[in-house]
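Written out below as structure tokens is the structure these notes cover.
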Amino acid sequence: MALLDGGRRSADIVANERVICYGLGVEELHELSAAHPNIMITILSNLTREFSERLRHANEEISVLE
């Protein structure tokens, strides 16, 4: 989320296996968006889907507590 809103990172990631990890900073994201808008649309669609699933799950958990 910090990549999108410029806020502070809210999580760390730890890999349990050997991985190749690529970084994408805000500047690179803006360059990617300008050069390849379709790729940016795909990235934003995937993020939106993930956030929607997380929000739906959180709402279900809150409903159980009420």
Among the residues of segment 41-55, write down those that are surrounded by 11 or more Cβ atoms within 10 Å (Cβ to Cβ) and either farther than 18 Å from Glu31 by Cα or of a type in the set (Lys, Arg) (or both). Leu47, Phe51
Filter segment 26-66 for residues that are over 12 Å from the mean Cα position of the chain (by Cα) and touching a residue at least 12 places away in the same chain (Cβ under 8 Å); the one that is farthest from Ala2 (Cα to Cα) is Leu29
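Looking only at helices (runs of 4 or more DSSP H) that fall completely inside the chain, which ones have 1 or more residues that are of a type in the set (Ser, Thr, Tyr) and modelled with pLDDT under 95?
Numbers: elements: 2-5, 26-35, 37-65.
Result: 26-35, 37-65.
The values are calculated or read from the model by the stated rules, or taken from the named source; none is laboratory data. Here the structure is a predicted model, which means the values were calculated and not measured. Note that we place each Cβ from the backbone using ideal geometry, even for glycine, and neighbour counts take in every protein chain shown.
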